[in-house]
Amino acid sequence: ITNGTGFLLFNSLGIAGSIKASVAFNIPGLTLTADSASVQVNTTEVPVNESITLDGDEITLVLPAGPFVRVTVINVVMTIGGVELTGDFSFDQRESAGETVTRFAMSQVSVLYEGNGIKNGQGAFIITPDGIAGSLSGDIDISVGVLEVEGSIGFKINTLATTVDETITIDGQEIAII
């Protein structure tokens, strides 16, 4: 873990904070790197906008009202047994109208084995106690012997009783949950 920064705020309302770092590790059979891995949390019901000065540098913590937790990893490269997964990923969980809402999004995703697999993948999902909604799409490129498959692939799902229109932003790219 390198290039770490963080800001944690503790007060009578709860805890709010953000921690960010670059990550790299290698254990037998698994390597993982990420240009940026961040965790944000706000257990309070109010937005946070606080600053502190540390060694002459001002650090600012700006978070929406909670309670929520968000984990984002940018430019992940993970290799397990010859399979390489790359991309940007975001996960968040929050309370809405007394129910837990979980959202997951991904962009610039590739899952490859020996150069074959899915590229340019993106998608987003929302999970509530009432069901799941989201979509996933990407380009498929597989070549094995004389068999070659190329094209776009995707699917959408909505088991909720309502239409979903939410957006998750990952590293400046908006991924819609429709």
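Here the stretch 1-89 exposes an accessible surface that is 60 percent carbon and sulfur, computed with a 1.4 Å probe and the other protein chains kept in place. Counting only protein heavy atoms and a 1.4 Å probe, the stretch 1-54 has 65 square angstrom of accessible area per residue. Note on the stretch 133-178: Rg/Rh from C-alpha atoms, Kirkwood Rh, equals 1.17.
The accessible-area ordering, largest first, of the residues D55, D141, D130 stands as D55, D130, D141, per a 1.4 angstrom probe.
Give the separation of the Cα centroids, the stretch 51-98 to the stretch 137-178, in Å. The two parts, judged by their Cα centres, are 22 Å apart. Among P64, P28, P47, the residue with the largest mean-square fluctuation in a Gaussian network model of the chain, with springs joining Cα atoms closer than 10 Å, is P28.
Over every Cα atom in the stretch 92-178, the radius of gyration and the widest Cα-Cα span, Dmax, amount to 15.7, 55 Å.
Rolling a 1.4 Å probe across all protein chains gives K119 an accessible area of roughly 60 Å². What's the local net charge at I118, with K and R +1, D and E -1, over the other residues with C-beta under 13 Å away? Net charge around I118: -3.
Of the three principal axes defined by the Cα atoms of the stretch 1-43, the extents in descending order read 45, 18, 10 Å. Here the Kirkwood formula puts the hydrodynamic radius of the chain at 18.4 Å, using every distinct Cα pair.
The values are calculated or read from the model by the stated rules, or taken from the named source; none is laboratory data. Everything quoted here is computed from the prediction, not taken from an experiment. Neighbour counts run over all protein chains shown; Cβ positions are idealised from the backbone, glycine included. Heavy atoms of the whole protein, side chains included, go into the accessibility calculation; ligands, DNA and RNA do not. Shrake-Rupley method; radii C 1.70, N 1.55, O 1.52, S 1.80 Å.
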